[in-house]
1. Using a Gaussian network for the chain with springs between C-alpha atoms less than 10 Å apart, which of these wobbles most: LEU145, LEU133, LEU104?
2. Most fluctuating residue of LYS122, LYS69, LYS148 in a GNM of the chain with Cα springs under 10 Å: which is it?
3. Please sort by residue number the chymotrypsin sites (Phe, Trp or Tyr not before Pro) in the stretch 1-80 whose DSSP state is loop and whose Cβ has at most 16 other Cβ atoms within 10 Å.
4. Remind me, relative contact order of the chain in percent, using alpha carbon pairs under 8 angstrom and six or more residues apart?
5. Across the stretch 61-146, how many lysine pairs, 8 or more positions apart or on different chains, have C-alpha atoms separated by under 23 Å? Please give the number.
6. How far, in nm, would the chain grow between GLU4 and ARG27 when pulled straight, counting 0.36 nm per residue and subtracting the alpha carbon separation?
7. Express the accessible area of the chain per residue in Å², computed with a 1.4 Å probe while the remaining protein chains stay in the model.
8. Long-range amide H contacts for TYR82: which residues qualify at under 5 Å (H placed 1.01 Å from N, peptide plane, sequence gap of 5 or more or a different chain)?
Amino acid sequence: NNPELVIGRTVLIAALSNPDGFIDGFRGNRNRVDLNRNFPAENYGKGFQKGLAPLSEPESTAIFELINKYQPDKVIALHQPYNCIDFDGPSRDLAVEMSKASKLKIKQIGSRSGSLGSYVGKQMSKQIITFELPYGSNRKKNETLWMKYGDALLQAVVFPRQKSETA
């Protein structure tokens, strides 16, 4: 509805990064690896279901390659069920704006071992938000979710606004 929001910006969307888990109703992939513990972050190695080595899983490798090819200024990862805005690295201001737009509270869950947040936020020093939807959001219609959370995602696209956009 507002194509002017993306003028001069590149927005990449990876619609489904864990197809096995989505189909099977499981957090990990078919190898039972939690893909959000399979990144080459400095803190890789603690916990379970992390995989045999960083990027041992094709899904994690695909996300890693996408991020390293395009070098985004920020990454937004949609998750559930913690019902909050989590962030790593230099992302507090963006988290505040997304929280205002979504009515989700900011709750820093912490940089988990080998997580995408640890890799992007801590190691690459880039903005990363984990947009934690409430439990059961995957059963809601896309239109319903967009009506409730779309403004927060648009905030991520336009943040930080240029002076010409604020008037």
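The values are calculated or read from the model by the stated rules, or taken from the named source; none is laboratory data. Predicted, not measured: the structure shown is a model, and the values here were computed from it. Glycine gets a Cβ as well: all are built from the backbone with ideal geometry, and neighbour counts include every protein chain shown. Ligands, DNA and RNA are stripped out before the accessible areas are found, and what is left, the full protein with its side chains, is counted by its heavy atoms. Shrake-Rupley method; radii C 1.70, N 1.55, O 1.52, S 1.80 Å.
1. Evaluated over the chain, the most mobile residue of the options is LEU145.
2. LYS69
3. Working: sites: PHE22, PHE26, TYR44, PHE48, PHE64, TYR70; in loops: PHE26, TYR44, PHE48.
Here the sparse-neighbourhood loop sites are PHE26, PHE48.
4. Details: 265 pairs, mean separation 42.0, N = 167.
In percent, rounded to a whole number, it is 25.
5. Taking the Cα cut-off of 23 Å, the pair count is 19.
6. Details: separation 23, 0.36 × 23 = 8.28 nm, distance 3.64 nm.
Going from the current span to full extension adds 4.6 nm.
7. Numbers: 10370 Å² over 167 residues.
Accessible area per residue: 62 Å².
8. LEU133
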